[in-house]
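Novice: Got a structure here, written out as C-alpha coordinates. Questions coming.
The values are calculated or read from the model by the stated rules, or taken from the named source; none is laboratory data. Quantities reported herein were computed from a predicted structural model and do not represent experimental measurements. Note that we place each Cβ from the backbone using ideal geometry, even for glycine, and neighbour counts take in every protein chain shown. For accessibility, only protein heavy atoms count, side chains too; no ligands or nucleic acids. Shrake-Rupley method; radii C 1.70, N 1.55, O 1.52, S 1.80 Å.
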Amino acid sequence: MAVKNNMTASIIKKSNAPLPSRERGGGEGEKVPTLLKLKTTAGDHHIARMAAVALGLTLIENAIPTPLPGVKPGLANIVTLIVLARYGWRVAAWVSLLRVVAGSLLFGSFLTPGFFLSLAGAVCSLVVLAFAQHLPTRWFGAVSHSIYAAFAHITGQMLVVYLWLIPHAGIAYLIPIFATAALVFGTVNGLIATRFMHNADMSDIHTIEKQIESQT
Amino acid sequence: MALQHIKIGDWLTILFGCIGVVMLTLKLWNGELADKALIRSGGKIFREVPLSNNQNIEVRGPLGISIITIQNRKARIASDPSPRQYCVRQGWLQQAGEIALCLPNQVSVEMIGSKKQYDSLNY
(Lines give C-alpha, C1' and ligand atoms only; values in the text may rest on other atoms or scores of the structure.)
Protein backbone atom coordinates (compact mmCIF):
# COMPACT_ATOMS: atom_id res chain seq x y z
CA MET A 1 0.00 0.00 0.00
CA ALA A 2 1.49 3.31 -1.00
CA VAL A 3 0.63 6.27 1.14
CA LYS A 4 0.33 9.41 -0.87
CA ASN A 5 -0.01 12.98 0.29
CA ASN A 6 1.23 12.38 3.78
CA MET A 7 0.54 15.39 5.90
CA THR A 8 0.02 17.77 3.04
CA ALA A 9 -0.68 21.18 4.39
CA SER A 10 -2.68 23.36 2.13
CA ILE A 11 -3.46 26.97 2.64
CA ILE A 12 -7.00 27.78 1.79
CA LYS A 13 -7.77 31.42 1.26
CA LYS A 14 -11.26 32.54 1.98
CA SER A 15 -11.76 36.12 0.93
CA ASN A 16 -15.44 36.13 1.79
CA ALA A 17 -15.03 34.88 5.33
CA PRO A 18 -15.56 37.38 8.19
CA LEU A 19 -12.35 38.85 9.60
CA PRO A 20 -11.17 37.59 12.97
CA SER A 21 -11.86 40.10 15.74
CA ARG A 22 -8.24 40.95 16.57
CA GLU A 23 -7.44 41.81 12.99
CA ARG A 24 -10.49 43.99 12.60
CA GLY A 25 -9.29 46.85 14.82
CA GLY A 26 -6.15 48.26 13.24
CA GLY A 27 -7.15 47.26 9.80
CA GLU A 28 -5.67 49.31 7.03
CA GLY A 29 -6.70 47.98 3.68
CA GLU A 30 -8.24 44.57 3.14
CA LYS A 31 -6.72 41.65 4.95
CA VAL A 32 -7.27 38.19 3.70
CA PRO A 33 -7.41 35.72 6.57
CA THR A 34 -5.66 32.47 5.92
CA LEU A 35 -6.83 29.18 7.20
CA LEU A 36 -4.28 26.45 7.64
CA LYS A 37 -5.82 23.07 7.17
CA LEU A 38 -4.17 19.66 7.28
CA LYS A 39 -5.55 17.39 4.65
CA THR A 40 -5.37 13.87 5.96
CA THR A 41 -5.96 10.75 4.01
CA ALA A 42 -7.26 7.39 5.14
CA GLY A 43 -3.64 6.22 5.01
CA ASP A 44 -2.63 8.92 7.48
CA HIS A 45 -5.40 7.86 9.85
CA HIS A 46 -4.23 4.28 9.58
CA ILE A 47 -0.65 5.28 10.40
CA ALA A 48 -1.86 7.34 13.35
CA ARG A 49 -3.90 4.38 14.66
CA MET A 50 -0.91 2.05 14.42
CA ALA A 51 1.35 4.62 16.10
CA ALA A 52 -1.22 4.96 18.88
CA VAL A 53 -1.16 1.20 19.45
CA ALA A 54 2.65 1.32 19.56
CA LEU A 55 2.43 4.21 22.00
CA GLY A 56 0.14 2.17 24.24
CA LEU A 57 2.68 -0.65 24.30
CA THR A 58 5.44 1.86 25.16
CA LEU A 59 3.28 3.05 28.06
CA ILE A 60 2.86 -0.51 29.34
CA GLU A 61 6.56 -1.14 28.92
CA ASN A 62 7.47 1.89 31.00
CA ALA A 63 5.49 0.43 33.87
CA ILE A 64 7.64 -2.71 33.87
CA PRO A 65 10.65 -2.35 36.15
CA THR A 66 13.97 -3.14 34.48
CA PRO A 67 17.09 -4.52 36.15
CA LEU A 68 19.38 -2.17 34.21
CA PRO A 69 18.52 1.17 32.64
CA GLY A 70 18.40 0.70 28.89
CA VAL A 71 17.40 -2.96 28.96
CA LYS A 72 13.80 -2.83 27.74
CA PRO A 73 11.69 -5.37 25.87
CA GLY A 74 10.78 -2.87 23.15
CA LEU A 75 7.20 -4.10 22.87
CA ALA A 76 6.27 -1.24 20.53
CA ASN A 77 8.48 -2.83 17.89
CA ILE A 78 5.92 -5.65 17.58
CA VAL A 79 3.65 -3.09 15.92
CA THR A 80 6.48 -1.93 13.65
CA LEU A 81 7.15 -5.53 12.60
CA ILE A 82 3.51 -6.25 11.79
CA VAL A 83 3.14 -2.98 9.89
CA LEU A 84 6.34 -3.76 7.97
CA ALA A 85 5.05 -7.17 6.96
CA ARG A 86 1.57 -5.95 6.07
CA TYR A 87 2.00 -2.46 4.63
CA GLY A 88 5.67 -2.07 3.76
CA TRP A 89 8.67 -0.15 4.96
CA ARG A 90 7.36 3.39 4.39
CA VAL A 91 4.38 2.94 6.70
CA ALA A 92 6.56 1.15 9.26
CA ALA A 93 8.99 4.07 9.26
CA TRP A 94 6.15 6.54 9.82
CA VAL A 95 4.70 4.49 12.67
CA SER A 96 8.08 3.97 14.33
CA LEU A 97 9.22 7.59 14.16
CA LEU A 98 5.81 8.94 15.17
CA ARG A 99 5.89 6.62 18.15
CA VAL A 100 9.32 7.94 19.20
CA VAL A 101 8.34 11.61 18.90
CA ALA A 102 4.86 11.26 20.39
CA GLY A 103 6.17 8.97 23.13
CA SER A 104 8.82 11.50 24.11
CA LEU A 105 6.15 14.21 24.31
CA LEU A 106 4.02 11.91 26.45
CA PHE A 107 6.84 11.11 28.88
CA GLY A 108 8.29 14.62 28.80
CA SER A 109 11.59 13.49 27.35
CA PHE A 110 11.46 15.39 24.07
CA LEU A 111 14.97 16.55 23.03
CA THR A 112 16.55 14.98 26.11
CA PRO A 113 19.35 12.41 25.75
CA GLY A 114 16.76 9.67 26.20
CA PHE A 115 14.84 10.96 23.20
CA PHE A 116 17.94 10.98 21.00
CA LEU A 117 18.79 7.46 22.15
CA SER A 118 15.32 6.26 21.15
CA LEU A 119 15.56 8.13 17.85
CA ALA A 120 19.00 6.71 17.04
CA GLY A 121 17.78 3.22 17.86
CA ALA A 122 14.65 3.60 15.76
CA VAL A 123 16.52 5.08 12.77
CA CYS A 124 19.18 2.36 12.81
CA SER A 125 16.49 -0.34 13.11
CA LEU A 126 14.60 1.12 10.16
CA VAL A 127 17.75 1.28 8.02
CA VAL A 128 18.49 -2.38 8.75
CA LEU A 129 14.84 -3.34 8.21
CA ALA A 130 14.95 -1.64 4.79
CA PHE A 131 17.47 -4.29 3.81
CA ALA A 132 16.11 -7.16 5.92
CA GLN A 133 12.63 -6.93 4.38
CA HIS A 134 14.10 -8.11 1.07
CA LEU A 135 15.24 -11.41 2.59
CA PRO A 136 13.38 -14.31 0.95
CA THR A 137 10.11 -14.70 2.84
CA ARG A 138 10.20 -18.42 2.31
CA TRP A 139 12.98 -18.80 4.82
CA PHE A 140 12.99 -15.59 6.82
CA GLY A 141 10.09 -14.25 8.85
CA ALA A 142 9.38 -11.53 11.37
CA VAL A 143 11.63 -13.25 13.92
CA SER A 144 14.68 -12.58 11.74
CA HIS A 145 13.57 -9.00 11.08
CA SER A 146 13.07 -8.48 14.79
CA ILE A 147 16.51 -9.79 15.75
CA TYR A 148 18.31 -7.74 13.09
CA ALA A 149 16.37 -4.64 14.11
CA ALA A 150 17.11 -5.24 17.80
CA PHE A 151 20.85 -5.51 17.14
CA ALA A 152 20.71 -2.39 14.96
CA HIS A 153 18.82 -0.64 17.76
CA ILE A 154 21.50 -1.21 20.39
CA THR A 155 24.26 -0.47 17.88
CA GLY A 156 22.73 2.93 17.19
CA GLN A 157 22.23 3.61 20.87
CA MET A 158 25.74 2.57 21.83
CA LEU A 159 27.12 4.83 19.08
CA VAL A 160 25.18 7.80 20.44
CA VAL A 161 26.29 6.97 23.98
CA TYR A 162 29.93 6.64 22.93
CA LEU A 163 30.12 9.58 20.51
CA TRP A 164 28.10 12.02 22.57
CA LEU A 165 27.17 11.05 26.12
CA ILE A 166 29.99 8.90 27.54
CA PRO A 167 33.05 9.00 25.26
CA HIS A 168 34.83 6.32 27.21
CA ALA A 169 35.89 2.86 26.14
CA GLY A 170 34.57 1.51 29.46
CA ILE A 171 31.02 1.28 28.08
CA ALA A 172 32.26 -1.68 26.02
CA TYR A 173 31.78 -3.73 29.19
CA LEU A 174 28.03 -3.19 28.90
CA ILE A 175 27.80 -4.34 25.27
CA PRO A 176 27.44 -8.08 26.09
CA ILE A 177 24.49 -7.31 28.39
CA PHE A 178 22.74 -5.19 25.77
CA ALA A 179 23.51 -7.69 23.00
CA THR A 180 22.04 -10.55 25.04
CA ALA A 181 18.94 -8.48 25.79
CA ALA A 182 18.62 -7.61 22.09
CA LEU A 183 18.78 -11.25 21.08
CA VAL A 184 16.29 -12.43 23.70
CA PHE A 185 13.77 -9.59 23.33
CA GLY A 186 14.23 -9.51 19.56
CA THR A 187 13.32 -13.19 19.33
CA VAL A 188 10.36 -12.84 21.71
CA ASN A 189 8.96 -9.78 19.91
CA GLY A 190 9.40 -11.48 16.55
CA LEU A 191 7.54 -14.53 17.83
CA ILE A 192 4.70 -12.40 19.18
CA ALA A 193 4.42 -10.56 15.85
CA THR A 194 4.49 -13.81 13.86
CA ARG A 195 1.92 -15.42 16.13
CA PHE A 196 -0.35 -12.38 15.93
CA MET A 197 -0.21 -12.31 12.14
CA HIS A 198 -0.81 -16.06 11.98
CA ASN A 199 -3.89 -15.77 14.21
CA ALA A 200 -5.18 -12.80 12.21
CA ASP A 201 -4.74 -14.75 8.98
CA MET A 202 -6.55 -17.74 10.48
CA SER A 203 -9.50 -15.59 11.59
CA ASP A 204 -9.58 -14.04 8.10
CA ILE A 205 -9.78 -17.51 6.59
CA HIS A 206 -12.58 -18.47 8.99
CA THR A 207 -14.65 -15.39 8.11
CA ILE A 208 -14.13 -16.04 4.40
CA GLU A 209 -15.15 -19.66 4.90
CA LYS A 210 -18.28 -18.58 6.77
CA GLN A 211 -19.13 -16.11 4.02
CA ILE A 212 -18.77 -18.83 1.42
CA GLU A 213 -20.91 -21.16 3.52
CA SER A 214 -23.66 -18.58 3.95
CA GLN A 215 -23.66 -17.84 0.25
CA THR A 216 -24.01 -21.46 -0.82
CA MET B 1 3.32 -22.86 20.95
CA ALA B 2 4.64 -20.29 18.57
CA LEU B 3 7.71 -22.33 17.66
CA GLN B 4 6.15 -23.74 14.50
CA HIS B 5 6.13 -20.22 13.04
CA ILE B 6 9.93 -19.96 13.11
CA LYS B 7 11.31 -20.55 9.65
CA ILE B 8 14.68 -22.11 8.88
CA GLY B 9 16.30 -18.73 8.22
CA ASP B 10 15.00 -17.49 11.55
CA TRP B 11 16.69 -20.41 13.29
CA LEU B 12 19.91 -19.53 11.49
CA THR B 13 19.54 -15.90 12.57
CA ILE B 14 19.01 -16.96 16.17
CA LEU B 15 22.00 -19.31 15.97
CA PHE B 16 24.30 -16.66 14.51
CA GLY B 17 22.97 -14.16 17.04
CA CYS B 18 23.86 -16.53 19.89
CA ILE B 19 27.34 -17.13 18.46
CA GLY B 20 27.83 -13.38 18.01
CA VAL B 21 26.74 -12.60 21.56
CA VAL B 22 28.97 -15.32 23.04
CA MET B 23 31.97 -14.10 21.03
CA LEU B 24 31.31 -10.49 22.02
CA THR B 25 31.06 -11.50 25.68
CA LEU B 26 34.26 -13.52 25.57
CA LYS B 27 36.11 -10.73 23.81
CA LEU B 28 34.89 -7.86 25.93
CA TRP B 29 34.67 -9.49 29.35
CA ASN B 30 37.75 -11.68 29.40
CA GLY B 31 40.45 -9.20 30.19
CA GLU B 32 43.90 -9.92 28.98
CA LEU B 33 46.26 -11.52 31.45
CA ALA B 34 49.18 -9.37 32.44
CA ASP B 35 52.79 -10.07 31.46
CA LYS B 36 54.60 -7.58 33.60
CA ALA B 37 54.20 -5.58 36.77
CA LEU B 38 55.18 -1.93 36.80
CA ILE B 39 56.22 -0.75 40.24
CA ARG B 40 56.23 2.97 40.91
CA SER B 41 57.63 4.79 43.89
CA GLY B 42 57.12 8.50 44.47
CA GLY B 43 55.65 8.86 40.99
CA LYS B 44 58.72 7.48 39.26
CA ILE B 45 59.09 4.02 37.78
CA PHE B 46 60.97 1.93 40.32
CA ARG B 47 61.13 -1.37 38.43
CA GLU B 48 59.36 -3.20 35.66
CA VAL B 49 59.39 -6.89 36.52
CA PRO B 50 58.20 -9.89 34.48
CA LEU B 51 55.64 -12.10 36.20
CA SER B 52 57.47 -15.28 35.23
CA ASN B 53 59.86 -15.16 38.22
CA ASN B 54 58.46 -15.65 41.70
CA GLN B 55 60.06 -13.05 43.93
CA ASN B 56 59.61 -10.51 46.70
CA ILE B 57 60.52 -6.92 45.99
CA GLU B 58 61.12 -4.34 48.68
CA VAL B 59 60.29 -0.75 47.86
CA ARG B 60 61.27 2.06 50.20
CA GLY B 61 58.76 4.90 50.56
CA PRO B 62 58.41 7.86 52.93
CA LEU B 63 56.68 5.73 55.61
CA GLY B 64 58.79 2.61 55.33
CA ILE B 65 59.19 -0.48 53.23
CA SER B 66 56.42 -1.97 51.05
CA ILE B 67 56.87 -5.60 50.06
CA ILE B 68 55.54 -6.70 46.68
CA THR B 69 55.17 -10.42 46.04
CA ILE B 70 55.12 -11.96 42.60
CA GLN B 71 53.95 -15.56 42.45
CA ASN B 72 52.34 -17.78 39.79
CA ARG B 73 51.99 -14.91 37.29
CA LYS B 74 50.14 -12.83 39.87
CA ALA B 75 51.27 -9.92 41.97
CA ARG B 76 50.20 -8.37 45.25
CA ILE B 77 51.39 -5.95 47.85
CA ALA B 78 52.17 -8.27 50.73
CA SER B 79 52.87 -5.67 53.32
CA ASP B 80 52.82 -1.91 53.52
CA PRO B 81 53.14 0.65 56.30
CA SER B 82 50.07 2.61 55.16
CA PRO B 83 47.48 3.06 57.96
CA ARG B 84 44.41 1.79 56.11
CA GLN B 85 46.05 -1.04 54.18
CA TYR B 86 43.84 -0.57 51.12
CA CYS B 87 46.47 -1.77 48.66
CA VAL B 88 47.24 -4.86 50.74
CA ARG B 89 43.56 -5.76 51.02
CA GLN B 90 43.19 -5.48 47.27
CA GLY B 91 44.86 -8.86 47.06
CA TRP B 92 46.22 -10.57 44.01
CA LEU B 93 46.36 -8.72 40.70
CA GLN B 94 46.27 -10.79 37.53
CA GLN B 95 44.61 -8.91 34.67
CA ALA B 96 46.22 -6.25 32.55
CA GLY B 97 45.20 -2.78 33.68
CA GLU B 98 44.67 -3.71 37.33
CA ILE B 99 46.44 -1.47 39.77
CA ALA B 100 47.07 -1.33 43.52
CA LEU B 101 47.95 2.03 45.03
CA CYS B 102 49.48 2.65 48.42
CA LEU B 103 49.10 6.41 48.46
CA PRO B 104 50.58 7.16 51.92
CA ASN B 105 53.77 5.30 51.06
CA GLN B 106 53.67 6.49 47.41
CA VAL B 107 54.03 2.97 46.04
CA SER B 108 51.96 1.44 43.30
CA VAL B 109 51.86 -1.76 41.28
CA GLU B 110 50.29 -1.73 37.84
CA MET B 111 49.75 -4.85 35.73
CA ILE B 112 50.72 -4.51 32.11
CA GLY B 113 49.66 -6.68 29.19
CA SER B 114 50.88 -6.70 25.62
CA LYS B 115 48.83 -3.62 24.82
CA LYS B 116 47.79 -0.70 26.97
CA GLN B 117 44.16 -0.74 28.01
CA TYR B 118 42.13 2.32 28.80
CA ASP B 119 40.54 2.82 32.14
CA SER B 120 39.36 5.76 34.18
CA LEU B 121 42.87 6.45 35.48
CA ASN B 122 44.75 6.80 32.24
CA TYR B 123 42.01 7.76 29.80
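Novice: Apply 1/(1 + (r/R0)^6) to the Cβ-Cβ distance of B:Asn53 and B:Leu15, taking R0 = 51 Å, and write down the FRET efficiency to the nearest 0.05.
Specialist: Working: r = 46 Å, r/R0 = 0.90.
So the FRET efficiency works out to roughly 0.65.
Novice: Of all accessible surface on the range A:37-102 at a 1.4 Å probe, what whole percent is carbon and sulfur?
Specialist: The C+S portion of the solvent-accessible surface of the range A:37-102 is 70 percent.
Novice: Just read off the accessible area of A:Asp201 with the full protein assembly in place, 1.4 Å probe, to the nearest 10 Å².
Specialist: 70
Novice: Peptides A:131-140, A:87-96: what's the order by average Cβ count within 10 Å, highest mean first? Please list the in-between numbers first.
Specialist: Details: A:131-140: 13.6, A:87-96: 21.2.
Highest-to-lowest ranking by the protection proxy: A:87-96, A:131-140.
Novice: Let me ask something additional. So for chain A, taking the charge dipole from beta-carbon charges (+1 Lys/Arg, -1 Asp/Glu), which of A:Leu68, A:Pro113, A:Gly186 sits furthest toward the positive end?
Specialist: A:Pro113
Novice: How well do other chains shield peptide A:184-194, expressed as the mean number of their Cβ atoms within 10 Å of each residue Cβ? Before the final figure, lay out each step's value.
Specialist: Working: counts 2, 0, 3, 6, 1, 0, 6, 6, 1, 2, 6.
That average works out to 3.
Novice: Please tell me the relative contact order of chain B in percent, rounded to the nearest whole number, where contacts are Cα pairs under 8 Å and at least six residues apart.
Specialist: Working: 223 pairs, mean separation 28.3, N = 123.
The value is 23 percent.
Novice: In addition: Run the numbers for A:Arg138 and A:Thr34: contour at 0.36 nm per residue of separation, minus the present Cα-Cα distance, in nm. Could you put the intermediate results ahead of the total?
Specialist: Details: separation 104, 0.36 × 104 = 37.44 nm, distance 5.34 nm.
Fully extending the segment from A:Arg138 to A:Thr34 adds 32.1 nm.
Novice: Stick to Cα atoms and the Kirkwood definition of Rh, then tell me Rg/Rh for the range B:1-78.
Specialist: Details: Rg = 24.0 Å, Rh = 16.7 Å.
Rg/Rh for the range B:1-78 comes to 1.44.
Novice: Suppose a student asked you for the relative contact order of chain A, using Cα pairs under 8 Å spaced at least 6 residues apart; what percent would you report? Mind showing how you got there, number by number?
Specialist: Values: 231 pairs, mean separation 38.9, N = 216.
Rounded, it is 18 percent for chain A.
Novice: Next up: Which of the peptides B:98-111, A:167-180 is most tightly packed, and how do the rest follow, judged by the mean count of other Cβ atoms within 10 Å per residue? List each step's numbers first, then the result.
Specialist: Numbers: B:98-111: 21.2, A:167-180: 15.7.
Final packing ranking: B:98-111, A:167-180.
Novice: Take each complete run of DSSP H in chain A, measure how far its Cα atoms stretch along the helix's own axis, and keep only those covering 20 Å or more with mean Kyte-Doolittle hydropathy at least 0.0; list them. Intermediate results must be reported in sequence, preceding the final value.
Specialist: Details: long enough: A:42-63 (32 Å, 0.65); A:89-107 (26 Å, 1.44); A:113-132 (28 Å, 2.09); A:142-160 (27 Å, 1.01); A:175-215 (59 Å, 0.36).
In chain A, the long hydrophobic H runs are A:42-63, A:89-107, A:113-132, A:142-160, A:175-215.
Novice: Turning to a different aspect of this structure: For the range A:43-211, with only Lys/Arg (+1) and Asp/Glu (-1) charged at the beta-carbon, what is the dipole magnitude about the Cα centre, in debye rounded to 20?
Specialist: On the way: 8 positive and 5 negative charges, 14 e Å.
That gives the range A:43-211 a dipole magnitude of about 60 debye.
Novice: Could you give the dipole magnitude of chain B about its Cα centre, charging the beta-carbon of Lys and Arg +1 and that of Asp and Glu -1, in debye to the nearest 20? Display every interim value, and only then the final one.
Specialist: Details: 14 positive and 9 negative charges, 39 e Å.
It works out to roughly 180 debye.
Novice: Let me ask something additional. What does the structure give for B:23-30 when I average, per residue, the other chain Cβ atoms found within 10 Å of the residue Cβ? Before the final figure, lay out each step's value.
Specialist: On the way: counts 2, 6, 5, 1, 3, 7, 5, 0.
Per residue, the number of nearby Cβ atoms from other chains is 4 on average.
Novice: Give me log10 I(q)/I(0) at q = 0.20 Å⁻¹ for the range A:62-216, Debye formula, one equal scatterer per alpha-carbon, no solvent.
Specialist: Reported log10 I(q)/I(0), two decimals: -1.30.
Novice: For A:Tyr162 and A:Thr112, calculate 0.36 nm times their separation in residues minus their Cα-Cα distance, and state this gained length in nm to one decimal.
Specialist: Values: separation 50, 0.36 × 50 = 18.00 nm, distance 1.61 nm.
Extra length available between A:Tyr162 and A:Thr112 comes to 16.4 nm.
Novice: Moving to a separate point now. Compute the helix-to-body angle for B:8-29: its Cα long axis versus the longest principal axis of chain B, expressed 0 to 90° and rounded to tens.
Specialist: Between helix and principal axis, roughly 0 degrees.
Novice: Taking each residue in A:136-148, count the Cβ atoms of any other chain within 10 Å of its Cβ, then average. What number comes out? Can you show the working numbers first?
Specialist: On the way: counts 2, 2, 3, 7, 6, 7, 4, 9, 9, 2, 2, 5, 2.
For this peptide, the per-residue mean of nearby foreign Cβ atoms is 5.
Novice: Suppose every K and R has +1 on its Cβ and every D and E has -1 on its Cβ; what is the size of the dipole of the protein assembly as shown about the Cα centre, in Debye to the nearest 20? Don't skip to the end; give the middle numbers.
Specialist: Numbers: 30 positive and 18 negative charges, 104 e Å.
Dipole magnitude for the protein assembly as shown comes out near 500 debye.
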